[in-house]
């Protein structure tokens, strides 16, 4: 192509057609400029496509994180419900006439089990967005606003869950004598002690598994169990608030990710 244009220029100069040569030269310059502009436009289009694709990938990653959050919170709600059930059963035992330490201790242990487990949101995609210049890739600024609101609300609810768990655990640890409240009796029945203790040590403790809670201990423990009922019930409530926040975020991200899959 370059050789073709060069031959035309030589021919026009050789024939002394300067006017036509200058017109040709101007036309050639215009063609070159147009070619450059087209190349730039194509390059810009390609870059825009790459950016659009990356934006859609982030939407899907953010959605996947939110969906994992949804599953995690449902598991935490189930754990709280199981603790709540056990704490109600512990209350029934305290209100009953004859309650063995081992029976009460078992329900007490279940009432507190993993109560300090706290929801940790999946934020890998959002942190990746914030780590560099990627944040500007998300053109829908309402999504960024929603993400900031989401993580702020999660932090607020999680802090309340932690405080309530600490209060409940402090109440439990206020009972210094774990023999008197049945904790040792129930734990001795579990694999924790059966596997952790050597047989001669286990046998030497000589636990009476038929021993009953005293009236005095029942009165003291009732306050503790009622507090744990309150803590577990409040956890369920707060985790449901978190689920609401997750559902709002998923509702906003699903159309964005679905558009990505249809387009690409």
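The values are calculated or read from the model by the stated rules, or taken from the named source; none is laboratory data. Note that the structure is a prediction, hence the values are computed from the model and not measured. No Cβ is skipped: glycine too gets one built from the backbone with ideal geometry, and neighbour counts run over all protein chains shown.
Mind checking which residues of the range 166-178 are farther than 28 Å from residue 123 by Cβ and in contact (Cβ under 8 Å) with a residue 60 or more places away in the chain?
172
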Quick check on residue 160: is it within 19 Å of residue 249 (Cβ to Cβ), surrounded by 14 or more Cβ atoms within 10 Å (Cβ to Cβ) and touching a helix residue (DSSP H, G or I) at 6+ places or on another chain (Cβ under 7 Å)? no
Inside the range 149-165, the number of residues satisfying the requirement of being free of Cβ contacts under 8 Å to residues at least 12 places away in the same chain and under 26 Å from residue 219 (Cβ atoms) is 0
By residue number, the members of the range 85-109 that are surrounded by fewer than 21 Cβ atoms within 10 Å (Cβ to Cβ), at pLDDT 95 or above and within 28 Å of the chain's Cα centre (by Cα) are 85
ask   = Is it the case that some residue within the range 199-222 is without any contact (Cβ under 8 Å) to a residue 60 or more places away in the chain and closer than 30 Å to residue 71 by Cα?
value = no
The one condition residue 192 fails out of (1) under 35 Å from the mean Cα position of the chain (by Cα); (2) closer than 13 Å to residue 104 by Cβ is (2)
When every residue in the range 114-136 that is in contact with a helix residue (DSSP H, G or I) (Cβ under 8 Å, 6 or more places away or on another chain), surrounded by fewer than 17 Cβ atoms within 10 Å (Cβ to Cβ) and farther than 20 Å from residue 68 by Cβ is compared, the one modelled with the highest pLDDT is 116
Quick count over the range 111-130, residues being under 18 Å from the mean Cα position of the chain (by Cα) and in a helix (DSSP H, G or I), is 7
